[in-house]
Each structure stands twice: as C-alpha cells, then as structure tokens.
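The structure appears below as structure tokens.
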Amino acid sequence: MVLGSAKFFVRTFQTRNASNVAFIGIGQMGARMVKNLLKKGQEVKVFDTIPLAASSVPGAKVCKSAGEAAKDANIVITMLPTGDIVKETLLADKGILKGIPKKSLFIDCSTIEPKMAQELSRISKENDVRYIDAPVSGGVTGAEDGTLTFMVGGADSDMKEAEPVLSKMGGKIFKCGDIGAGQIAKLCNNLILGITMIGTCEAMNLGIKLGLDPKLLTNIINVSTGRSWSSDTYNPVPGVMPNVPPSKGYEGGFSVPLIAKDLGLAEAAALSCGTPLMLGALAHQIYRALILNGYGDKDFAVVYEFLKGQKK
C-alpha cells in the first residue's frame, strides 16, 4: 500500500513537471524568460496588458486575460512591476484565480514587499492554490542567457516542483526560507546593486575626465578590488561592453523607476526592523533625482550620463 502511494506521487510529480505553464508579464525580463522556456521545450501561454508585448515572443500562445492564461495550467508564473499589480492580477475579474486549477502552483518572480508575498500566499491558500515567491537576479543579460539566480521562499515540496521549470530560465536556485524570504534576499541584493552602480559610475566618470581610456580603466578595475557586477558584466560607460543597455542608448534593461522602487522597499523593510540604511537611502534619492531630470525611461546605469552633467 505504501509502495503504491509512492508510485502515485512519482507519477503526479512527473506529470506536473511536464505540465502547461502560464507566464504573465512579458516585459524586458519576462519576454526573455519565456524565450528560454520555449527554447528548452516548454509550452507556454502568455498574457500582458500590452498586447504587442504578449505577441513579441514567437511560439508562445497569447491569451486575452490572466485568467485565460492560467486555465488548465499547473504552474503560473508572474513577473510584474509591483506587489499591488501582482495582487490585482491575482484577484481581478479576469485574473489568475478565475482560471488556475485547484492545487496548482503560483510562482511570483516579481520583486515585491515581503509582507505582500505573505499576503499573496494567504490569498492563494484560501483559494486552494499553492504559492512561492521566487524573485530573480541577473538582469536582462541573465534573462537572455538563461543564467538567472532564483531566490525562493516557500515550502520545500513546492520548490522541488518548481525547479524543473525555473532551471530552464536560470543557473542557480536558492531556498531562502519561508514565504517572503526570497524577497528579503532580493531586496538585500538590489540594495548592493543600486549602491555599487552609482559608485562604478562615479569612478568611471572621474577616471575618464582625468584622461584615462574607459576600457583600460575597466580592465584594471576588473582585476582589482573595485570589481563588481556593475563593472565586469554591466559596465555603465557606452561602448565598453557590447550588448548591454549602456551601449544601446540605455534602452531596455532595468529601468530607473524599478531600482528606485526596490530601494524604497529596502528602506521600508529596514524601518520595520530598526536597521540603518545610510548609503541605501542616498542611492534611493539619486535615482529619484534621475526620474525628475528626465531619465525615467532609461536603464539604471544612465546615472553615468547624469554624473557627466550631460543635458537631456
């Protein structure tokens, strides 16, 4: 009897691994993540509030609502700008809960408040749906290359079920703890990212204005103690690295409003536990200043152009 139950579990697990996947939120990150799912043989239904975005991924089945995308899907993934938008997408008249089958797995890859992740989990549980938070790190380059890092909060069994799908989009998957723990890890990571990008931009701007060649300076930094992801993978100076937003007019990528949003979330989390974020608060204000100065539609590395004093 026990053996029969075990066999049933294996069959169920394997079926879910090969099951239909719905992906909601086809932006800069989402579109690339879906492309990797398709490339690795996963059928995907997609929805975005912007129809042109939803139809931008050849091979994906475009749906007219989140509920339609979620219908018959065993795994539903969201990649959306804010926690409020995720919640609205879950609860709307044509939202996820109107289509997702009972017992299915809802994976939110957005960067949101840890408390919102816990609320989404509660709402999902009340509707007999399982939930994990699984925000990502790696930026558009990681999404393009399928090397994203996933930081997961939730039950071990749900994470194991998610792994076959997440591994088609990323290179590393970390179990961080209970619901919301993935978001905590992501906010800490983006706190560092926002600060180091500004520091990298300041150093590159200083060195170039004093006469150093930007590629030479980058090579030195990248074998020295100043090395960071912002210098060796996503250098903010146009022309230093091909195929990154700074070399494409700062188009696409991780927008200034999104890094500002994430730093704001980190500040709120810090207030909740009495932790000082002095550099984080300053970095937050710098990105907010960029928005007010007309850089709100650009990748966050555009802080380099802002520091140059270049007029828009």
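So the values come out like this:
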item	result
Strands (runs of 3 or more DSSP E) contained entirely in the range 126-199, each with at least 2 residues that are surrounded by fewer than 18 Cβ atoms within 10 Å (Cβ to Cβ), at pLDDT 95 or above and assigned by TED's automatic domain parsing to the domain that holds residue 67	170-177
Total residues in the range 170-210, condition touching a strand residue (DSSP E or B) at 6+ places or on another chain (Cβ under 7 Å) and of a type in the set (Ser, Thr, Tyr)	0
Single residue of 19, 65 found to be modelled with pLDDT under 95, of a type outside the set (A, V, I, L, M, F, W, C) and within 21 Å of residue 101 (Cα to Cα)	19
Close pairs (9 angstrom Cβ cut-off, 6 or more residues apart or separate chains): under 15 Å from residue 240 (Cβ atoms) and modelled with pLDDT of 95 or more in the range 201-225, of a type in the set (Asp, Glu) and assigned to a loop (DSSP other than H, G, I, E, B) anywhere	207/213
Residues (of a type outside the set (Val, Ile, Thr), assigned to a loop (DSSP other than H, G, I, E, B) and more than 16 Å from residue 158 (Cβ to Cβ)) located in the range 70-105	71, 72, 79, 80, 81, 92, 93, 94, 95, 99
Checklist (1) more than 27 Å from residue 187 (Cα to Cα); (2) within 20 Å of the chain's Cα centre (by Cα); (3) surrounded by fewer than 17 Cβ atoms within 10 Å (Cβ to Cβ) applied to residue 84, failing item	(1)
Positions within the range 279-295 being within 14 Å of residue 266 (Cβ to Cβ) and of a type in the set (Ser, Thr, Tyr), in sequence order	287
Members of the range 106-115 that are surrounded by fewer than 24 Cβ atoms within 10 Å (Cβ to Cβ) and either out of contact with any Leu (no Cβ under 9 Å at 6 or more places or on another chain) or of a type in the set (Gly, Ala, Ser) (or both)	115
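The values are calculated or read from the model by the stated rules, or taken from the named source; none is laboratory data. In this text, all values refer to a predicted model and were calculated from it rather than measured experimentally. So basically every Cβ, Gly included, is an ideal-geometry build from the backbone, and we count neighbours across all protein chains shown.
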